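The values are calculated or read from the model by the stated rules, or taken from the named source; none is laboratory data. Please read all numbers here as calculations on a predicted model, not as lab measurements. Neighbour counts run over all protein chains shown; Cβ positions are idealised from the backbone, glycine included. Note: areas computed on protein heavy atoms with side chains; ligands, DNA, RNA excluded. Shrake-Rupley method; radii C 1.70, N 1.55, O 1.52, S 1.80 Å.
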Amino acid sequence: MPSESAPTVEPRDALAEYQRATYSGCGDDCQEFMERKLDAAVAVKEAMEAKDPSLYAVPIGYVAQAEREADRYGRDTIGVNMLPVSAPIQRMVAWFREHPEG
């Protein structure tokens with residue numbers, strides 16, 4: 001009997017969701033924004049891993065770096081330590097602009 005797993009999300013669809021989730025920016029609550037940003041980036045990473053981990057190895061690495069930085073500085077303070085988490089995520093976004101085939 002085939003397993004019933006959740007349908008695979010395409011990486012570009014996950015990226016579009018990331019962009020929707022982060023469109024509003026920081027506003028009054030940078031902590032909430034950064035949590036939402038990191039969660040959305042992790043969803044993109046999971047979509048890339050599911051589709052083709054070798055094709056997406058570089059942007060997967062960027063998101064993994066963002067996760068490490070969030071852990072390093074403390075996920076409960078990523079709102080005040082935004083740059084070390086945001087920079088690798090922005091590199092992941094740039095990778096998609098530079099690689100339309102991805």
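Scan the stretch 24-66 for residues that are closer than 15 Å to residue 93 by Cβ and not in a helix (DSSP H, G or I) and the total you get is 2.
Residue count for the stretch 78-92, restricted to those that are surrounded by fewer than 17 Cβ atoms within 10 Å (Cβ to Cβ) and of a type in the set (Val, Ile, Thr): 1.
Contact map, the stretch 51-77: first residue in contact (Cβ under 8 Å) with a residue 12 or more places away in the chain and closer than 16 Å to residue 39 by Cβ, second residue open to solvent by 90 Å² or more (accessible area, probe 1.4 Å) and assigned to a helix (DSSP H, G or I), Cβ cut-off under 8 Å, separation 6 or more or different chains; pairs are 62/91. Residues in the stretch 27-49 that are within 18 Å of residue 77 (Cα to Cα) and free of Cβ contacts under 8 Å to residues at least 12 places away in the same chain: 27, 28.
Working carefully through the options 52, 39, find the one that is under 17 Å from residue 18 (Cα atoms) and surrounded by fewer than 16 Cβ atoms within 10 Å (Cβ to Cβ).
39
The set of residues in the stretch 75-102 that are at pLDDT 95 or above and small (Gly, Ala, Ser) comprises 86, 87, 94.
Identify, please: which residue in the stretch 13-39 is farther than 15 Å from residue 96 by Cα and of a type in the set (Gly, Ala, Ser) and is, among those, modelled with the lowest pLDDT? It would help to see each step written out before you state the result.
Just the residues of the stretch 13-39 that are farther than 15 Å from residue 96 by Cα, to begin with: 20-39.
Pick out the ones that are also of a type in the set (Gly, Ala, Ser) and you get 21, 24-25, 27.
Numbers: 21: 94, 24: 89, 25: 90, 27: 83.
Per the criteria, the residue is 27.
Here residue 65 passes the criteria (1) more than 14 Å from the chain's Cα centre (by Cα); (2) surrounded by 14 or more Cβ atoms within 10 Å (Cβ to Cβ); (3) among the polar types (S, T, N, Q) except the one numbered (1). Across the stretch 67-96, the number of residues qualifying as part of a helix (DSSP H, G or I) and either under 17 Å from residue 40 (Cβ atoms) or among the aliphatic types (A, V, I, L, M) (or both) comes to 18. Flag set for residue 47, criterion: surrounded by 15 or more Cβ atoms within 10 Å (Cβ to Cβ), hydrophobic (A, V, I, L, M, F, W, C), at pLDDT 95 or above and within 15 Å of the chain's Cα centre (by Cα).
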